[in-house]
Amino acid sequence: MSHEHLVAEGFHNAAETFFGTPAWNAFWSKINGNENSIWGPDALLTPNGIQQAQNLSVAWRQQAAAGAPLPQSFYVSPLTRSTDTLNITWGDFVLNRPGAPVPIIVEGLRETIGVHTSDMRRSKTFIHDREPTWLFEKGFTENDELWTPSVRETADQQQARARSALVEIFNGDDSTYISITSHSGETAGLLAAIGHRPFPLDTGGVSFMQ
């Protein structure tokens, strides 16, 4: 069984809520921010998003105390809001303990690629400096070679990418309980890739796949 953690609220989410989705898609998503907020490149968590991840950590501690199994493997999108969500949720609780599984950063788990500056990723060096003990999948490039300012990935393309990521994960990992921390668009692609019905999640939410 795997469970999908949706990244907590980022500054891009707050901006889209403020401006409205039509204006966000038409203009604001294509720039890095304004005088009040920065959401690109690679949007960070808002204070509310940090609180969402902290709340999720508390919920998992309660579930574990009640006998819920903990993840044996962790996979995460390379975007900073995703790695931060994983760290806040599982850091002191699981990841910082001796013998804990080491998260693996997977390019194929990132959010919809292209146009939106919030979905550009940082360099491999930047990510490593923030999470020096975490691992990168084989072939992870130093710089973002996928994002372009003019072409946005289609739903079908993202679903195919999500399917490839899942195949790589499940073919190389025989763990029973796997945690994947990713994004709303990518979560939709992952669920579609396995034939699951659409299951919208709020930021900081969790879905389970079996």
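The values are calculated or read from the model by the stated rules, or taken from the named source; none is laboratory data. Keep in mind that this is a model prediction, so the values were computed, not measured. Note that each Cβ is placed from the backbone with ideal geometry, even for glycine, and that neighbours are counted across all protein chains shown.
Things worth noting here:
- When restricted to residues that are within 17 Å of Ser182 (Cα to Cα), part of a loop (DSSP other than H, G, I, E, B) and modelled with pLDDT of 95 or more, region 111-139 contains 9.
- Scanning region 160-210 for residues that are modelled with pLDDT of 65 or more and aliphatic (A, V, I, L, M) yields Ala160, Ala162, Ala165, Leu166, Val167, Ile169, Ile178, Ile180, Ala188, Leu190, Leu191.
- Residue in region 107-142 that is surrounded by the most Cβ atoms within 10 Å (Cβ to Cβ), counting only those that are out of contact with any Pro (no Cβ under 9 Å at 6 or more places or on another chain) and of a type in the set (S, T, N, Q): Thr112
- Residue within region 155-168 that is in contact with a Pro (Cβ under 9 Å, 6 or more places away or on another chain) and not basic (Lys, Arg) present: no
- Test: residue in region 148-160 that is outside any loop (DSSP other than H, G, I, E, B), of a type in the set (Asp, Glu) and under 25 Å from Trp90 (Cβ atoms): no
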